[in-house]
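Following: one structure in structure tokens, then a few remarks.
Rule-based calculations on the coordinates, nothing more; no lab input. Since the model is a prediction, treat every value here as computed from it, not as a measurement. With ideal geometry, Cβ positions are generated from the backbone for all residues, glycine too; neighbour counts draw on all protein chains shown.
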Amino acid sequence: MVYPRPIEKLIELFTRFPGIGPKQAARFAFYLLKENSKTVEELSESIKELHKKVGFCQQCFKSIERDSNTRIHSNDSNILCEFCRNKNRDENIIMIVEKEQDLLNIERTKKFNGLYHVLGGIISPLDSSAPAKLHIKDLFERIKKLLILKKEAEVILATNPTTEGDTTALYIERILKPLEVNPHINGDAGVKISRLGRGLGIGSELEYADELTIKEALTNRK
Ligand SMILES: [Zn+2]
């Protein structure tokens, strides 16, 4: 049996969402079919406006709302998020996270006062094109610039302790290698690279880790 075409189309679209299988997708589609027109309109309006109303910090790639306060108009080249604009935060320490949800979880612990860099994904060993989709080149350039200004920087790799997270961390370490402290190449300027402590445990994801675990992992970074 097949559903009417518009429903099939919606189900197909929902299955593209992370973690959504065909059964859940069908549940969403039928929910929308039953729902009153106001909810449906609100939903489609929010989706349509999403890219128009949300931009990304040009330094750390965290999402930000485009409004008059942050002065984001047609020209996005100089916009910074609330963290990157905050002069009380230590710009020499940059924590690398896979996604924004991880950033918020670390922020909640109030134990980290540096800045972030949101990769926007992770490298899967099966997807060789993945590194190009992440903000890794931007990270390299960001640290290079920082080293010229400040001579030293610390990078904390906070990718998740999963196979993909480890692959991503190793890849970034390799990319940043030329910027590490090396008297022959960089003089006394260089970046120190550490990995968020293993306190997180194998396979546990930052997004779901509790505050105490993250605090410990931060203290035990090496
Ligand atoms: Zn930022």
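Extension gain for K133 to F30 (0.36 nm times residue separation, less C-alpha to C-alpha distance): 33.7 nm.
Placing a pseudo-label 7 Å from each Cα along the Cα-to-Cβ vector at D210 and K150 gives an inter-label distance of 3.3 nm.
Note on the chain: dipole from Cβ charges, positive end direction compared against L119, T159, L104; the farthest Cα belongs to L119.
Based on Cα contacts under 8 Å between residues 6+ apart, the chain shows a relative contact order of 14 percent.
At R0 = 30 Å, how high is the FRET efficiency between L104 and T163 if r is their beta carbon distance? Nearest 0.05 is fine. For L104 and T163, the calculated efficiency is 0.80.
Rounded to the nearest 500 deg cm²/dmol, what is the calculated helix-only ellipticity per residue at 222 nm for the chain, with -39500 (n - 2.57) per DSSP H run of length n ≥ 4? Taking each H run of at least 4 residues, the total per residue is -13000 deg cm²/dmol.
Each Lys or Arg adds one and each Asp or Glu takes one away; over the other residues whose Cβ falls under 13 Å from the Cβ of I143, this sums to +1. In this Cβ point-charge picture (+1 for Lys and Arg, -1 for Asp and Glu), the chain has a dipole of about 260 debye about its Cα centre. Each of F140 and D90 was given a label point 7 Å from its Cα along the Cα-to-Cβ line. The distance between the two points is 2.7 nm.
What the Cβ-Cβ distance of E173 and D67 gives, at R0 = 35 Å and to the nearest 0.05, is a FRET efficiency of 0.40.
For the chain, the equivalent ellipsoid derived from the Cα gyration tensor has semi-axes of 37, 22, 17 Å, listed largest first. Between I20 and K53, the modelled labels are 1.9 nm apart [label points 7 Å from Cα along Cα→Cβ].
Once the chain from V2 to V181 is taken as fully extended at 0.36 nm per residue, the excess over their C-alpha distance is 58.3 nm.
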